[in-house]
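In what follows, a structure is listed as structure tokens, so that the remarks can point back to it.
Coordinate-derived values only; no laboratory data. All values reported here derive from a predicted model rather than from experimental measurement. FYI the Cβ positions are ideal-geometry reconstructions off the backbone, even for glycines, and counts take in every protein chain you see.
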Amino acid sequence: MATATRVLRREHQSIRQVLNFAEGLSMKIDRGEHTSPEVVDKVMSFFRLFVDRCHHSKEEDVFFPMLESKGVRAWGGPLGMMLMEHERARALIQEMSEAAEAYKTDEEAAGKRWARAAWDYSGLMQEHFGKEEDVLFRMADNVLGPEEQATIAADFAKLENEKLGPGKYEELETMMKELIVQNGSR
Ligand SMILES: [Fe+2]
């Protein structure tokens, strides 16, 4: 059965693969090795759409409010910390997006800028996922009953459609799987 925490954990696994790939890419670009801007653009689409617009919205619009209604404190507690990290992640996505645009015409300086932001983003997210899994999802598994877990999972499916449009969720995951296979996972 699809439960809220299973869906989020599965997405973390999928996102981790792309973060590892982006780390490898950032080291390569930082060394000055040429990388097609198209590869960088694909990574950015995944971060912007799959991670920020979809995954973080599932947490912010559905999952966190449900936990709050169950007595998990929003501010000053684990939820507040998670929200702050989402904001930091958004700022890094913005920084990476600007650098990725500039990378098309100015490989060296913009490449280094992208590499730095991508490295920071990956570090932040990997740590953030660890905290969510070890603290928040465990808490959720204790306070949410099976029906609530299933209801949230159904709301997640609806949200995917609203935020990304039909079929886009699978399309983004497939695009990244193919990109990683083509370029090596490093
Ligand atoms: Fe999160």
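Scanning region 90-105 for residues that are away from the ligand (no atom under 16 Å from the Cβ), under 22 Å from H128 (Cβ atoms) and of a type in the set (G, A, S) returns S97, A99, A100.
Checked against the criterion of being within 16 Å of the ligand (Cβ to nearest atom), buried (at least 18 other Cβ atoms within 10 Å of the Cβ) and either in contact (Cβ under 8 Å) with a residue 40 or more places away in the chain or at negative phi (or both), the candidates E127, E87, E132 yield just one match: E132.
Looking only at residues of region 60-81 that are touching a residue at least 60 places away in the same chain (Cβ under 8 Å) and within 13 Å of the ligand (Cβ to nearest atom), we find that the one that is surrounded by the most Cβ atoms within 10 Å (Cβ to Cβ) is F63.
The numbered conditions (1) under 20 Å from M84 (Cα atoms); (2) surrounded by fewer than 20 Cβ atoms within 10 Å (Cβ to Cβ); (3) in contact with a Leu (Cβ under 6 Å, 6 or more places away or on another chain) are all true for F50 except (2).
Meeting the requirement of 1 or more residues that are within 20 Å of the chain's Cα centre (by Cα) and of a type in the set (D, E), the helices (runs of 4 or more DSSP H) wholly within region 1-113 are 4-30, 37-45, 78-103. From the list E33, E11, the one residue that fits, being crowded, with 18+ Cβ neighbours inside 10 Å and farther than 18 Å from E95 by Cα, is E11.
Does F137 satisfy the criteria of being within 16 Å of the ligand (Cβ to nearest atom) and touching a His at 6+ places or on another chain (Cβ under 6 Å)? Considered against the rule, which asks whether it is within 16 Å of the ligand (Cβ to nearest atom) and touching a His at 6+ places or on another chain (Cβ under 6 Å), F137 comes out as no.
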